[in-house]
1. Just a yes or no: is a residue in the range 19-33 among the aromatic types (Phe, Trp, Tyr) and surrounded by 10 or more Cβ atoms within 10 Å (Cβ to Cβ)?
Amino acid sequence: MKEELFTELLESVHEGGAILRAEMSPSRRSTFEKLDVQQIRANHLQVAAKCPEAVWDVVKPKKKLADKKSPRKTKKNISDQDPNG
């Protein structure tokens, strides 16, 4: 790591420690409002009703790995197959 970047990082860590110990105040503060999950779901359902292909990747069920594999061919399965296709 470059010496200049390391010095900047170290200063930032010391500043963070001082803020945690209430020796200095932060230069900015972020606040987040509580999410309205029911409203988000309602909006999602409206979009899904108008354009289902837009949300299909999000809601389509995943296939199990076993469903993707073809059945194993055993000697019995191979011998039971019609040689003419």
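The values are calculated or read from the model by the stated rules, or taken from the named source; none is laboratory data. All of these numbers come straight from a predicted model, not from anything done at the bench. As a convention, Cβ positions derive from the backbone with ideal geometry for all residues, glycine included, and neighbour counts pool all protein chains shown.
1. So far as the range 19-33 goes, no, none of its residues is among the aromatic types (Phe, Trp, Tyr) and surrounded by 10 or more Cβ atoms within 10 Å (Cβ to Cβ).
Residues are listed down the side, and each one gets a yes or a no for (1) modelled with pLDDT of 90 or more; (2) part of a helix (DSSP H, G or I); (3) among the hydroxyl-bearing types (Ser, Thr, Tyr):
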residue	(1), (2), (3)
Glu23	yes, no, no
Thr31	yes, no, yes
His44	no, yes, no
Ala48	no, yes, no
Val55	no, yes, no
Pro61	no, no, no
Ala66	no, yes, no
Ser70	no, no, yes
Lys76	no, yes, no
